[in-house]
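A short write-up of the structure that comes next.
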Number of protein chains: 2
Amino acid sequence: MPAPGPKNLITDVAGLRVGQVEDHALRSGVTVVLCDEPAVAGFEVMGGAPGTRETDLLHPHNMVETVNAIVLSGGSAYGLDAASGTQAWLREQGIGLSVRGHIVPIVPAAILFDLVNGGDKDWGRYPPYREMGYEAASRAGLDFALGTAGAGTGALSAGLKGGLGSASLRLASGITIGALAAVNPAGSVTVGQTRHFLAAPFEIGDEFGGLGLPLPFPPDAATPRWKWQDPASAGANTTIAIIATDAKLTKPEAKRLAIAAHDGFARAIWPAHSPVDGDLVFALATGTSGITPDHSAAMDIYAHAAATMARAIARGVYEARAVEGDLLPAWGERG
Amino acid sequence: MPAPGPKNLITDVAGLRVGQVEDHALRSGVTVVLCDEPAVAGFEVMGGAPGTRETDLLHPHNMVETVNAIVLSGGSAYGLDAASGTQAWLREQGIGLSVRGHIVPIVPAAILFDLVNGGDKDWGRYPPYREMGYEAASRAGLDFALGTAGAGTGALSAGLKGGLGSASLRLASGITIGALAAVNPAGSVTVGQTRHFLAAPFEIGDEFGGLGLPLPFPPDAATPRWKWQDPASAGANTTIAIIATDAKLTKPEAKRLAIAAHDGFARAIWPAHSPVDGDLVFALATGTSGITPDHSAAMDIYAHAAATMARAIARGVYEARAVEGDLLPAWGERG
């Protein structure tokens, strides 16, 4: 059976580092994934309310094949400024696409909505995300906090605090898969009214509590549970995520990796992919394993990517911790 | 709790009829959904190997808003001819888009691969799907067979025969949702090596056997199971489906309905949406309920659409019956 990498984090994929910043007064934050070398990238949006930057270049038919970093941020559309800060930091290191002697760091970004926590007050003219994006990049390393951290700081799900999650998996082939998710969905990550995670069939060990599926299985498991009483108008949502591998993939394969990882959303969140979620997955292939998968091996990567994403989502909620003034309870303090 | 409509079929959505043809020597067939009045339509492809006709016009930004029928067929790319037959039948009835006095029936179509059963032999120059598409349209009514029928006749899944499934759901609002699926995935519809359907949390009554989830939940539930030993090269696959509602939806909303229904694939098939599946959902909104959902009501339609699709997929495999020469056992004869 495949097992997690040593950290059970996306940084088990060699060539990636993660940096984060939180502002607990703002109840928001930024998570940056830095690529030591440019990584082949793709993306797929399945939510109806995305907030993004530099995604068009990721289409398989467009020219740029690799990126230098990916930024996930709170702050709704204001949080897209975080990519500017990461871009500035990369430029200072001399990292980026070289275009006629000029360095242009390629930094796709996506945001989630957490303004309802109070994140849109006392800014002055400009929001603080640009500086947070710089700071997060400068802190990047192999270890980082889960739960109420980075882009997951202000995240909420139906009935429970959301958070930042990550997980990894090492396949028998030697290929490693890693997932990172800022979990802020309109739907629920647990089965019905229980504390049991929907993603339980994919859990390895007790990485998100080890409760398994509920017994008996509740009859209301199929009933949609929404974060807000009036789900469409009272606030916004979004799960934004990164799926990464050290396999050598083409740009179209990175797109398929992103599509496949969305099935991890469907297996970890109910309902997922709604019109008021901006659900998005970025895919990164660092190639650091040196392994070019054949078609069958690629199919197994995609399937395990969905499972790893489901685990990362559950871990994000599982690791959230209570902070004074929370709108919703953290998983650890409930039930 | 919402309950199925009187037939638990897609034809519980008023304004739709279904006709089917099977050729048991060919081990293939055609399923046609006819719209009594032109229905607003959309689609979403998530598999890597689709086979389609008349999908480009379904994009929300393109002109034609409604369709007259949708065709699902076996026969791989040859099966796209089935739409020609349905088109011919509609033209004879005077049904279609009127363009400067000419009748042009709009008939999107998708196919699945079932040639491995023997479906590509003894045709002569042209395959038989065009005539099957005509015949299926001429037989359309409110009742139709599930399992080894229509486009599901030659369908296979990992370890079990596939088939044609359908299900419906009536919401408290009075809106009805219906799903139809020809289930031929590379992955499995049951949990691990068990006979328990992945879609069990959504089952209503014992519509697909009433086994619930397996106890204990098997540790290999996350292990990908593929139909073919060499999953990428030894054959092809695809689940093609239609999600329908009698709500009044816009064309962009029909697109979201199709996207949402793909989560039903993710909840009923593991792995789903692979590079060798042409997984596709068409969405139809007949508007016959007269109800225009607000945003919150639309979100509930989308969520229940995913659940209804998961049920239709499980029912397709559950209803499959054994036929001499089968490559895989039918669910009912296994275990």
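The values are calculated or read from the model by the stated rules, or taken from the named source; none is laboratory data. Just so you know, these numbers come straight off a predicted model, no measurement behind them. So basically every Cβ, Gly included, is an ideal-geometry build from the backbone, and we count neighbours across all protein chains shown.
Of the residues that sit in the stretch B:95-117 and are without any contact (Cβ under 8 Å) to a residue 12 or more places away in the chain and of a type outside the set (Ser, Thr, Tyr), which one is surrounded by the most Cβ atoms within 10 Å (Cβ to Cβ)?
B:VAL104
Considering every residue within the stretch B:133-153, establish whether at least one is of a type in the set (A, V, I, L, M), under 17 Å from B:ALA241 (Cα atoms), without any contact (Cβ under 8 Å) to a residue 60 or more places away in the chain and surrounded by 24 or more Cβ atoms within 10 Å (Cβ to Cβ).
Checking the stretch B:133-153: not a single residue is of a type in the set (A, V, I, L, M), under 17 Å from B:ALA241 (Cα atoms), without any contact (Cβ under 8 Å) to a residue 60 or more places away in the chain and surrounded by 24 or more Cβ atoms within 10 Å (Cβ to Cβ).
Matching residues to (1) over 17 Å from the mean Cα position of the chain (by Cα); (2) buried (at least 18 other Cβ atoms within 10 Å of the Cβ); (3) not small (Gly, Ala, Ser):
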{"position": "B:ARG225", "(1), (2), (3)": "yes, yes, yes"}
{"position": "B:TRP228", "(1), (2), (3)": "yes, no, yes"}
{"position": "B:ILE243", "(1), (2), (3)": "no, yes, yes"}
{"position": "B:LYS255", "(1), (2), (3)": "no, yes, yes"}
{"position": "B:ALA258", "(1), (2), (3)": "no, yes, no"}
{"position": "B:ALA261", "(1), (2), (3)": "no, yes, no"}
{"position": "B:ASP279", "(1), (2), (3)": "no, yes, yes"}
{"position": "B:LEU284", "(1), (2), (3)": "no, yes, yes"}
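This table checks each residue for (1) modelled with pLDDT under 95; (2) of a type in the set (Ser, Thr, Tyr); (3) under 20 Å from A:LEU16 (Cβ atoms); (4) assigned to a loop (DSSP other than H, G, I, E, B).
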{"site": "A:ILE70", "(1), (2), (3), (4)": "no, no, yes, no"}
{"site": "A:ILE95", "(1), (2), (3), (4)": "no, no, yes, yes"}
{"site": "A:SER98", "(1), (2), (3), (4)": "yes, yes, no, no"}
{"site": "A:GLY119", "(1), (2), (3), (4)": "yes, no, no, yes"}
{"site": "A:PRO127", "(1), (2), (3), (4)": "yes, no, no, yes"}
{"site": "A:MET132", "(1), (2), (3), (4)": "no, no, yes, no"}
{"site": "A:ALA137", "(1), (2), (3), (4)": "no, no, yes, no"}
{"site": "A:PHE144", "(1), (2), (3), (4)": "no, no, yes, yes"}
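Check A:LEU57, A:LEU90, A:LEU34 and return the single one that is more than 14 Å from chain B (Cβ to nearest Cβ) and in a strand (DSSP E or B). If you could, list the steps in order and put the result at the bottom.
Working: A:LEU57 fails: in a strand (DSSP E or B); A:LEU90 fails: in a strand (DSSP E or B).
Of A:LEU57, A:LEU90, A:LEU34, the one residue that is more than 14 Å from chain B (Cβ to nearest Cβ) and in a strand (DSSP E or B) is A:LEU34.
Can you confirm whether B:GLY48 is within 14 Å of another protein chain (Cβ to nearest Cβ), over 17 Å from B:ALA137 (Cα atoms) and surrounded by 19 or more Cβ atoms within 10 Å (Cβ to Cβ)?
Working: within 14 Å of another protein chain (Cβ to nearest Cβ): yes; over 17 Å from B:ALA137 (Cα atoms): yes; surrounded by 19 or more Cβ atoms within 10 Å (Cβ to Cβ): yes.
For B:GLY48, the condition - within 14 Å of another protein chain (Cβ to nearest Cβ), over 17 Å from B:ALA137 (Cα atoms) and surrounded by 19 or more Cβ atoms within 10 Å (Cβ to Cβ) - is met.
Do you know which residues across the stretch B:202-230 are acidic (Asp, Glu) and within 7 Å of another protein chain (Cβ to nearest Cβ)?
Scanning the stretch B:202-230 gives a single hit, B:ASP230.
Within the stretch B:195-243, which residues are more than 30 Å from B:GLY42 (Cβ to Cβ), touching a Leu at 6+ places or on another chain (Cβ under 9 Å) and in contact (Cβ under 8 Å) with a residue 60 or more places away in the chain?
B:ARG195
Evaluate the following for A:ALA77: is it of a type in the set (A, V, I, L, M, F, W, C), without any contact (Cβ under 8 Å) to a residue 60 or more places away in the chain, surrounded by 24 or more Cβ atoms within 10 Å (Cβ to Cβ) and on the phi < 0 side of the Ramachandran plot? First the steps, then the outcome.
On the way: of a type in the set (A, V, I, L, M, F, W, C): yes; without any contact (Cβ under 8 Å) to a residue 60 or more places away in the chain: yes; surrounded by 24 or more Cβ atoms within 10 Å (Cβ to Cβ): no; on the phi < 0 side of the Ramachandran plot: yes.
It is false that A:ALA77 is of a type in the set (A, V, I, L, M, F, W, C), without any contact (Cβ under 8 Å) to a residue 60 or more places away in the chain, surrounded by 24 or more Cβ atoms within 10 Å (Cβ to Cβ) and on the phi < 0 side of the Ramachandran plot.
How many of the residues in the stretch B:231-241 are within 10 Å of chain A (Cβ to nearest Cβ), touching a helix residue (DSSP H, G or I) at 6+ places or on another chain (Cβ under 6 Å) and surrounded by fewer than 24 Cβ atoms within 10 Å (Cβ to Cβ)? Talk me through it step by step, then tell me what you get.
Narrowing the stretch B:231-241 to residues within 10 Å of chain A (Cβ to nearest Cβ): B:231-234.
Checking the rest, the ones that are also touching a helix residue (DSSP H, G or I) at 6+ places or on another chain (Cβ under 6 Å) come to B:231-232.
From what's left, surrounded by fewer than 24 Cβ atoms within 10 Å (Cβ to Cβ): B:232.
The total comes to 1.
Keeping to the stretch B:256-270, report how many residues are closer than 23 Å to B:ARG225 by Cβ and within 7 Å of another protein chain (Cβ to nearest Cβ).
Of the residues in the stretch B:256-270, 3 are closer than 23 Å to B:ARG225 by Cβ and within 7 Å of another protein chain (Cβ to nearest Cβ).
Yes/no matrix, rows are residues, columns are (1) within 14 Å of another protein chain (Cβ to nearest Cβ); (2) in contact (Cβ under 8 Å) with a residue 12 or more places away in the chain; (3) more than 20 Å from B:ALA39 (Cα to Cα):
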| site | (1), (2), (3) |
| --- | --- |
| B:SER274 | yes, yes, yes |
| B:ASP279 | yes, yes, yes |
| B:SER289 | no, yes, no |
| B:SER296 | yes, no, yes |
| B:THR308 | yes, yes, no |
| B:GLU319 | no, yes, yes |
| B:ASP326 | no, yes, yes |
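Applying the selection to the stretch B:286-325, what residues are surrounded by 24 or more Cβ atoms within 10 Å (Cβ to Cβ), of a type in the set (A, V, I, L, M) and assigned to a loop (DSSP other than H, G, I, E, B)?
Within the stretch B:286-325, B:ALA320 is the sole residue that qualifies.
Among the residues of the stretch B:210-218, are any surrounded by 19 or more Cβ atoms within 10 Å (Cβ to Cβ), under 21 Å from B:ALA149 (Cβ atoms) and either at pLDDT 95 or above or not β-branched (Val, Ile, Thr) (or both)?
The answer is no, given that none of the residues of the stretch B:210-218 is surrounded by 19 or more Cβ atoms within 10 Å (Cβ to Cβ), under 21 Å from B:ALA149 (Cβ atoms) and either at pLDDT 95 or above or not β-branched (Val, Ile, Thr) (or both).
Keeping to the stretch B:219-251, report how many residues are acidic (Asp, Glu) and at pLDDT 95 or above. Even if it seems obvious, please write down each step before you answer.
Applying the first criterion (acidic (Asp, Glu)) to the stretch B:219-251 yields B:220, B:230, B:246.
Next, from what is left, pick out any that are at pLDDT 95 or above: B:246.
Qualifying residue count, the stretch B:219-251: 1.
Mind listing whichever residues of the stretch A:1-31 are of a type in the set (A, V, I, L, M, F, W, C) and either out of contact with any strand residue (DSSP E or B) (no Cβ under 7 Å at 6 or more places or on another chain) or not in a strand (DSSP E or B) (or both)?
Of the stretch A:1-31, the ones of a type in the set (A, V, I, L, M, F, W, C) are A:1, A:3, A:9-10, A:13-14, A:16, A:18, A:21, A:25-26, A:30.
Correct list: A:MET1, A:LEU9, A:ILE10, A:VAL13, A:ALA14, A:ALA25, A:LEU26.
For A:THR194, which of the numbered conditions (1) out of contact with any Phe, Trp or Tyr (no Cβ under 8 Å at 6 or more places or on another chain); (2) surrounded by 24 or more Cβ atoms within 10 Å (Cβ to Cβ) fails to hold?
(2)
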